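A.B. asks: I have a structure here, written as structure tokens, and I will follow up with some questions on it.
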Amino acid sequence: MEFIIKIGQFLLSLSLLIVLHELGHFIPAKLFKTRVEKFYLFFDVKYSLFKKKIGETVYGIGWLPLGGYVKISGMIDESMDKEQMALPPQPWEFRSKPAWQRLIIMLGGVFVNFVLAYVIYVIMSFTYGDTDVTAKSMKDGYWIDNPLLVDLGFKTGDKIIAVDGQKVDSHLDVVKNIIKTEKYTIDRNGETVDLQLPVDFLGQLSSRKVKGGLFKLRFPFMVGEVSDTMVNKGVDLKEGDILLTVNNKPLRYYDEVGDRLMAYKNQTITSTFLRGTETITRQLKVNNDGKLGIMPGEDAKRFDALGYYDKTLKEYTFLESFVGGKDKFVDQVGGYFDQLGKIFSPSTGAYKGVGGFKAIYDVFPSTWIWQNFWGLTAFLSIMLGVLNLLPIPALDGGHVVFLLFEIVSGRKPSEKFLEKAQVVGFFILIALVLFANGNDIFKAIFN
């Protein structure tokens with residue numbers, strides 16, 4: 001079921017982004033009376049899963065889910081249709097249109113990607129608002145279990161008070177600019193400590209297969225499920241019970257449970273739980289691995305009500321949501337350009353984190369939550385837009401570079417030159433795709 005939910009989100013998001021991106025090319029092409037021969041979701045190598053011709057355009061779905069395309073007559077693209085290009089230019093072909101019209105057609109897909117992301121962020125601002133956790137409410141700091149952070153000197157209980165010299169007011173201030181962060185200032189038991197991140201922090205982080213976030217909020221051990229096959233089956237525990245003590249010693253956070261129980265392996269402990277507003281006592285067995293056989297649960301609203309942290313909600317009016325959406329959009333675009341800058345700087349090692357389709361699949365959660373789905377779709381739309389702007393022949397950005405050269409210089413590059421550039425760009429793209437998906441395979445095998 002988890003696979004079905006994840007792959008469903010992945011395919012729906014990918015299909016939506018591809019169709020709208022290609023529609024961004026299709027609409028201006030039709031407006032400028034340019035013939036569009038094909039409009040495809042996914043690639044139709046050798047055959048199609050579905051196709052239907054309406055007017056002069058064949059609409060279809062290919063079997064290879066690596067993207068999509070529109071085939072515009074008289075355009076040198078990945079189809080490399082040399083027979084058509086050898087014929088005299090026709091008025092309905094791309095090559096016969098003014099440079100400014102061709103530029104708009106080529107920028108249409110990226111424009112739609114950016115507009116889509118902005119619209120999603122506006123709707124999310126209005127529908128969900130912004131949730132955050134105040135820094136002052138995290139009285140006992142963060143839960144640090146990422147091995148890299150531990151190696152760098154971070155400890156559970158550290159309170160982040162500044163990031164690169166900027167005061168921290170909320171949890172979002174700590175995590176939102178991790179790509180370009182260089183220094184964290186922490187409060188450790190009343191002592192101020194500066195911890196510097198290494199230049200290749202992102203590279204080291206990518207090389208370690210660790211689930212979960214870097215700086216985790218601390219929360220209690222709440223009962224989610226007691227397995228029927230585990231050591232404490234049959235004990236009267238209910239979902240939502242919160243562990244308070246172990247053998248009369250207070251236990252406030254989930255991250256304290258492992259070390260505490262290791263001292264009681266193969267023993268029976270007396271534990272108290274909070275059930276609603278009442279306290280109950282239960283005898284629990286600890287197995288040879290220092291486990292109770294109880295799956296933990298999570299309820300952010302309840303943790304907030306119990307004072308583990310203060311969760312804030314900023315709501316937007318309809319008009320305010322346009323500003324809120326703009327702020328999210330600008331932050332994400334800026335952050336992605338920062339990420340690209342790191343990737344193209346070998347010293348950062350960020351290239352190790354470049355992933356392919358499996359990496360995109362992995363970002364989707366195993367439960368279908370629409371807020372998460374739309375947030376990820378907006379981010380992927382920005383990613384698709386930015387990547388397509390790269391000045392690589394065969395990408396939209398490569399076509400745009402040649403068109404700008406033509407507009408500025410008044411000289412149109414020869415079709416033979418454009419064909420050669422397209423071939424070079426195609427091999428660059430293949431190399432990038434192989435590298436990204438090769439990274440996925442390498443991590444799956446060796447991490």
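A.B. asks: Taking the Cα centre as origin and putting +1 on Lys and Arg beta-carbons and -1 on Asp and Glu beta-carbons, what dipole magnitude results for the chain, to the nearest 20 debye?
C.D. replies: 740
A.B. asks: Can you match Cα extents along the principal axes in Å to one of these, (i) 66, 65, 50; (ii) 98, 60, 47; (iii) 89, 48, 48, based on a calculation from the structure here?
C.D. replies: (iii)
A.B. asks: Tell me the per residue accessible area of segment 22-146 using a 1.4 Å probe; a whole number in Å² is fine. Display every interim value, and only then the final one.
C.D. replies: Numbers: 6300 Å² over 125 residues.
Each residue of segment 22-146 exposes 50 Å² on average to a 1.4 Å probe.
A.B. asks: Any idea what diffusion coefficient segment 131-186 gets from Stokes-Einstein, in µm²/s, Kirkwood Rh on alpha carbon pairs, 10 °C, 1.306 mPa s? Please report the intermediate quantities before stating the final value.
C.D. replies: Working: Rh = 11.6 Å.
The calculation lands on 137 µm²/s.
A.B. asks: Kindly report the accessible area of segment 332-435 per residue (heavy atoms of protein chains, probe 1.4 Å, no ligands, DNA or RNA), in Å².
C.D. replies: 53
A.B. asks: Label points 7 Å out from Cα along the Cβ direction at Gln166 and Lys30: separation in nm?
C.D. replies: 4.3
A.B. asks: According to a simple spin-label model (label point 7 Å from Cα along Cα-to-Cβ), what is the distance in nm between Asn247 and Thr131?
C.D. replies: Going by the 7 Å Cα→Cβ label model, 3.7 nm.
A.B. asks: Against the longest alpha carbon principal axis of the chain, how many degrees, from 0 to 90 and to the nearest 10, is the axis of helix 415-446 turned?
C.D. replies: The helix 415-446 is inclined about 20 degrees to the chain.
A.B. asks: Which aspartates and glutamates have a Cα lying under 18 Å from the Cα of Lys51, excluding residues fewer than 8 positions away in the same chain?
C.D. replies: Answer for Lys51, where 18 Å is the Cα cut-off: Glu22, Glu37, listed by chain and number.
A.B. asks: Taking all pairs of different Cα atoms in segment 213-295, averaging 1/r and flipping that mean, what Kirkwood radius in angstroms comes out?
C.D. replies: By the Kirkwood definition, the hydrodynamic radius is 13.0 Å.
A.B. asks: Beta carbons within 10 angstrom, averaged per residue: use that to sort the peptides 385-392, 431-438, 101-108, highest first.
C.D. replies: 101-108, 385-392, 431-438
A.B. asks: Tally the DSSP beta bridges in segment 1-114 and give the antiparallel ones as a percent, rounded to 5.
C.D. replies: On the way: 12 of 16 bridges.
Expressed as a percentage, antiparallel bridges in segment 1-114 total about 75.
A.B. asks: For Cα pairs less than 8 Å apart in space and 6+ apart in sequence, what is the mean separation divided by the residue count of segment 169-260, i.e. the relative contact order in percent?
C.D. replies: That works out to 19 percent.
A.B. asks: Kindly express, to the nearest 10 degrees and within the range 0 to 90, the angle between helix 2-31's C-alpha long axis and the longest C-alpha principal axis of the chain.
C.D. replies: 30
A.B. asks: Quick one: net charge of Ala263's neighbours, Cβ under 15 Å, K/R +1, D/E -1?
C.D. replies: The answer is +2.
A.B. asks: For a label point 7 angstrom out from the Cα of Ala444 toward its Cβ, which stretches of segment 350-369 have the backbone nitrogen within less than 14 Å?
C.D. replies: Under 14 Å, as judged by backbone N against the label point of Ala444, lie 355-363 of segment 350-369.
A.B. asks: Here is a follow-up. For segment 49-196, what is the convex hull (Cα atoms) projected area averaged across all directions, in square nanometres?
C.D. replies: Details: hull surface 65.0 nm².
About 16.3 nm², averaged over all directions.
A.B. asks: For the chain, which whole-number percentage of the solvent-accessible area (1.4 Å probe, protein heavy atoms only) is attributable to carbon and sulfur atoms?
C.D. replies: 61
A.B. asks: Hey, what does the equivalent ellipsoid look like for segment 158-276, semi-axes from the Cα gyration tensor as sqrt of 5 times each eigenvalue, largest first, whole Å?
C.D. replies: In descending order the semi-axes read 36, 17, 14 Å.
A.B. asks: Could I ask something else about it? If the reach is capped at under 16 angstrom between alpha carbons, list the lysines near Lys285, excluding any in the same chain fewer than eight residues apart.
C.D. replies: Lys285 reaches Lys233, Lys265.
A.B. asks: To continue, here is another question. For Gly325, what charge total do you get from the other residues with a beta carbon under 15 Å from its beta carbon, if Lys and Arg give +1 and Asp and Glu give -1?
C.D. replies: Around Gly325, the surrounding residues sum to -2.
A.B. asks: Only helical DSSP H runs with n ≥ 4 go in: add -39500 (n - 2.57) per run for the chain, normalise by residue count and round the 222 nm mean residue ellipticity to 500 deg cm²/dmol.
C.D. replies: Values: 13 runs with 191 residues, N = 447.
My calculation for the chain gives -14000 deg cm²/dmol from helical runs alone.
A.B. asks: How high is the relative contact order of segment 1-148, in percent, counting Cα pairs under 8 Å that sit 6 or more residues apart?
C.D. replies: It rounds to 23 percent for segment 1-148.
A.B. asks: Could I ask something else about it? Counting alpha carbon pairs within less than 8 Å and at least 6 residues apart, what relative contact order, in whole percent, applies to segment 263-360?
C.D. replies: For segment 263-360, the relative contact order is 14 percent.
A.B. asks: List, in order, the whole-Hz ³J(HN,Hα) value for each residue of segment 185-193 obtained from phi through the Karplus relation with A = 6.51, B = -1.76, C = 1.60 and θ = phi - 60°; use x for Gly and Pro.
C.D. replies: Result, ordered by residue: 9, 10, 9, 10, 6, x, 9, 8, 10 Hz.
A.B. asks: Could I ask something else about it? With the cut-off at 1.5 for a/c, could you classify segment 1-111 from its C-alpha gyration tensor as rounded, prolate or oblate? Before the final figure, lay out the partial values.
C.D. replies: Numbers: a/c = 2.60, a/b = 1.80, b/c = 1.44.
It is prolate, given that a/c is not under 1.5 and a/b is the larger ratio.
A.B. asks: Once a ≥ b ≥ c are taken as the square roots of the eigenvalues of the Cα gyration tensor of segment 249-290, is the result rounded (a/c under 1.5), prolate (a/b larger than b/c) or oblate (a/b not larger than b/c)? It would help to have the intermediate numbers written out before the result.
C.D. replies: Numbers: a/c = 2.86, a/b = 1.54, b/c = 1.86.
Taking the square roots of the gyration eigenvalues as a ≥ b ≥ c, segment 249-290 is oblate.
A.B. asks: With a ≥ b ≥ c taken as the square roots of the eigenvalues of the C-alpha gyration tensor of segment 289-342, please select rounded if a/c is under 1.5 and otherwise prolate if a/b is larger than b/c or oblate if it is not?
C.D. replies: Taking the square roots of the gyration eigenvalues as a ≥ b ≥ c, segment 289-342 is oblate.
A.B. asks: For a distance above 22 Å, tell me the whole-number percent of Cα pairs in segment 376-447 that qualify.
C.D. replies: 40
A.B. asks: Per q in 0.15, 0.19 1/Å, what log10 I(q)/I(0) does a Debye calculation on the alpha-carbon atoms of segment 201-348 return?
C.D. replies: -0.88, -1.12
A.B. asks: Counting only other residues whose beta carbon sits under 14 Å from that of Leu404, what net charge do I get with K and R as +1, D and E as -1?
C.D. replies: Surrounding charge for Leu404 is +1.
A.B. asks: If you don't mind, there's one more thing I want to ask. By how many nm would the segment from Ile4 to Asp310 lengthen if fully extended, with 0.36 nm per residue of separation less the alpha-carbon distance?
C.D. replies: 106.7 nm
A.B. asks: A follow-up question, please. Extension gain Val408-Thr277, at 0.36 nm per residue separation less the Cα-Cα distance, in nm?
C.D. replies: So the chain would gain 39.8 nm between Val408 and Thr277.
The values are calculated or read from the model by the stated rules, or taken from the named source; none is laboratory data. Just so it is clear, the model here is predicted, and its values are computed rather than measured. Glycine gets a Cβ as well: all are built from the backbone with ideal geometry, and neighbour counts include every protein chain shown. The protein model used for the area step is the full one, side chains on, heavy atoms only, and it has no ligands, DNA or RNA in it. Shrake-Rupley method; radii C 1.70, N 1.55, O 1.52, S 1.80 Å.
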